1. Enumerate the strands (runs of 3 or more DSSP E) found wholly within the stretch 1-69, keeping only those where 1 or more residues are among the β-branched types (Val, Ile, Thr) and at pLDDT below 75.
2. Can you confirm whether Ala148 is under 20 Å from Val52 (Cα atoms), surrounded by fewer than 20 Cβ atoms within 10 Å (Cβ to Cβ) and within 18 Å of the chain's Cα centre (by Cα)?
3. Return the only residue of Thr80, Thr154, Thr120 being touching a residue at least 60 places away in the same chain (Cβ under 8 Å), in contact with a Phe, Trp or Tyr (Cβ under 8 Å, 6 or more places away or on another chain), polar (S, T, N, Q) and surrounded by 14 or more Cβ atoms within 10 Å (Cβ to Cβ).
4. Scan the stretch 95-132 for residues that are under 28 Å from Ser35 (Cα atoms) and more than 22 Å from the chain's Cα centre (by Cα) and jot them down.
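The values are calculated or read from the model by the stated rules, or taken from the named source; none is laboratory data. Values in this document were obtained by computation on a predicted structure and should not be read as measured data. Because the Cβ atoms are built from the backbone with ideal geometry, glycine has one as well, and the counts that use them run over all protein chains shown.
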Amino acid sequence: MKRTLLLATVLLSAAALLTSSCGTSDSIKSLLLTSSTGGSTSVFNLSGQDGVVQLKVFAIYNSGKQIDVTTSSTWSVTPTGCVFSGDPTTPCAGPLPPYGPDTVPINKTGLMTGIVSVCTWIDPIDPTTSKPTTPPAWEYTGYYQTTATYRNFTSQPVAIGVGAAVVQSGVPGCGPS
């Protein structure tokens, strides 16, 4: 009877250890900030007036699983650089407008909208022709550096350019589309 009780206790203890994943951790390792609207993992563009970028935040766990935590994340946005003047020879027209509800807000679902009419892209001058490059070789004059935070983890920064202005020859919008 004692041997059966001891064997049952050992078997139950072994089963408890196996099912509890003792010795392993499935905690968050990092965050990944990306966009479901395309682009690379570090450069996005708000193209056109009222253009949008759908940002997504994924918690990356030690086990490799990824869980969408976008609606539970907070945002940090820092304007970097300047607004394009419309003249490639003197590209800066002043600082980017500050992040906020009237410029490039991000809602609870991670949707960033370009409300302010600015352009942060320039098609540089080709030194051989003294005209903008063809096809365009878009470069930033400025961008909104954006990170997401979830449970004391902060994502990698991404650069979000804004092409929501009429520039160069009256063409609406600017930058890559």
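1. Numbers: elements: 28-35, 43-47, 52-61, 66-68.
Passing ranges: none, list empty.
2. no
3. Details: Thr154 fails: in contact with a Phe, Trp or Tyr (Cβ under 8 Å, 6 or more places away or on another chain); Thr120 fails: touching a residue at least 60 places away in the same chain (Cβ under 8 Å).
Unique residue meeting the criteria: Thr80.
4. Scanning the stretch 95-132 gives Asp123, Pro124.
Results for (1) outside any strand (DSSP E or B); (2) modelled with pLDDT under 90, shown as yes or no for each residue.
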| residue | (1), (2) |
| --- | --- |
| Ser76 | no, no |
| Thr90 | yes, yes |
| Tyr99 | yes, no |
| Val104 | yes, no |
| Met112 | no, no |
| Val116 | yes, yes |
| Ala137 | yes, yes |
| Thr147 | no, no |
